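Here's the structure, in structure tokens; my notes come after.
The values are calculated or read from the model by the stated rules, or taken from the named source; none is laboratory data. The structure displayed is predicted, hence computed values, not measured ones. Here the Cβ positions follow ideal geometry from the backbone for every residue, glycine too, while neighbour counts run over all protein chains shown.
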Amino acid sequence: MTKSKRPIPNEIFCRRLKEARLAAGFSQKTLGIRAGIDEFVASTRINRYELGIHETDITTARRLAEVLGVPLAYFYAENDDLADMIRRFSLLDTKQRAQISKKIGRMLSENSEENAK
């Protein structure tokens, strides 16, 4: 059996959590406390999440995302381009999101027409 080159979901989560934490300028302890983790174990818990020693439940992952200002989906996107698009899309207002969505729809429609030829 050959190994897949796709990173496993927990590896993705670990890397993205650390990247988002560093980008936000938080220590592991600060992030943990702001996400509602007891201050005496906050640093250790975040460290273990980032190392993949422990996995977060979805509720904790959602709180971490909220504190870090990223969508929950950002932590789980399979590739970096998609994660970046998710993060950027979340920063847009409703009107801008609609415009982007329409643009993507047009691009996909054009691609379908070209592929049908």
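Here is how the numbers come out for the structure above:
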{"read-out": "Boolean, residue 89 is among the aromatic types (Phe, Trp, Tyr) and either over 22 Å from residue 47 (Cα atoms) or free of Cβ contacts under 8 Å to residues at least 40 places away in the same chain (or both)", "value": "yes"}
{"read-out": "Qualifying residues in the range 68-117 (those that are in contact with a helix residue (DSSP H, G or I) (Cβ under 6 Å, 6 or more places away or on another chain) and small (Gly, Ala, Ser)) - the one surrounded by the most Cβ atoms within 10 Å (Cβ to Cβ)", "value": "83"}
{"read-out": "Candidate set from the range 20-67 (those that are buried (at least 17 other Cβ atoms within 10 Å of the Cβ) and small (Gly, Ala, Ser)); member that is nearest to residue 90 (Cα to Cα)", "value": "65"}
{"read-out": "Residue identified as under 12 Å from residue 13 (Cα atoms), touching a residue at least 40 places away in the same chain (Cβ under 8 Å) and not small (Gly, Ala, Ser) among 64, 51, 68", "value": "64"}
{"read-out": "Pairs where the first residue, in the range 25-36, is under 12 Å from residue 67 (Cβ atoms) and at pLDDT 95 or above and the second is assigned to a loop (DSSP other than H, G, I, E, B) and of a type outside the set (Ser, Thr, Tyr), C-beta under 8 Å, 6+ apart", "value": "32/39; 32/41; 33/39; 34/26"}
